Amino acid sequence: MNDIFGVPFRPISFAPSWQTPAITTLSQQMYDSRNFSLMPILADALQDSGCCDDQVLSHCRGPGPHVRGCWVVDAILGKE
């Protein structure tokens, strides 16, 4: 359930610097294809853009399952 809802007691604010064209494109590709196998790569890209939020990074690097409606991908795409 945490893939869709995240952790409700600790909402995350996504910094604009985390929404680079590469991150947004990767997130959109995963959303459209429903293939979330690139979540660890998304974590690396987020970290490279300055994201140091352990909740976000560990979620992306976690085993999943990741599905459409993933709170990280939705937040990047502004689908909240």
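The values are calculated or read from the model by the stated rules, or taken from the named source; none is laboratory data. The structure presented is a predicted model; accordingly, all values stated were derived computationally and were not measured. All Cβ positions, even for glycine, are placed from backbone atoms using ideal geometry, and neighbour counts span all protein chains on display.
Scanning region 15-34 for residues that are of a type in the set (A, V, I, L, M), in a helix (DSSP H, G or I) and in contact (Cβ under 8 Å) with a residue 24 or more places away in the chain yields a total of 2. Among the residues making up region 53-73, those that are at pLDDT 90 or above and within 16 Å of Thr24 (Cβ to Cβ) are Val56, Cys60, Val72, Val73. When region 35-50 is examined, which residues are found to be assigned to a loop (DSSP other than H, G, I, E, B) and either within 11 Å of the chain's Cα centre (by Cα) or of a type in the set (D, E, K, R) (or both)? Within region 35-50, Phe36, Leu38 qualify.
Quick check on my filter: what residues within region 59-75 are among the hydrophobic types (A, V, I, L, M, F, W, C) and either within 8 Å of the chain's Cα centre (by Cα) or buried (at least 19 other Cβ atoms within 10 Å of the Cβ) (or both)? Those that are among the hydrophobic types (A, V, I, L, M, F, W, C) and either within 8 Å of the chain's Cα centre (by Cα) or buried (at least 19 other Cβ atoms within 10 Å of the Cβ) (or both): Cys60, Cys70, Trp71, Val72, Val73, Ala75.
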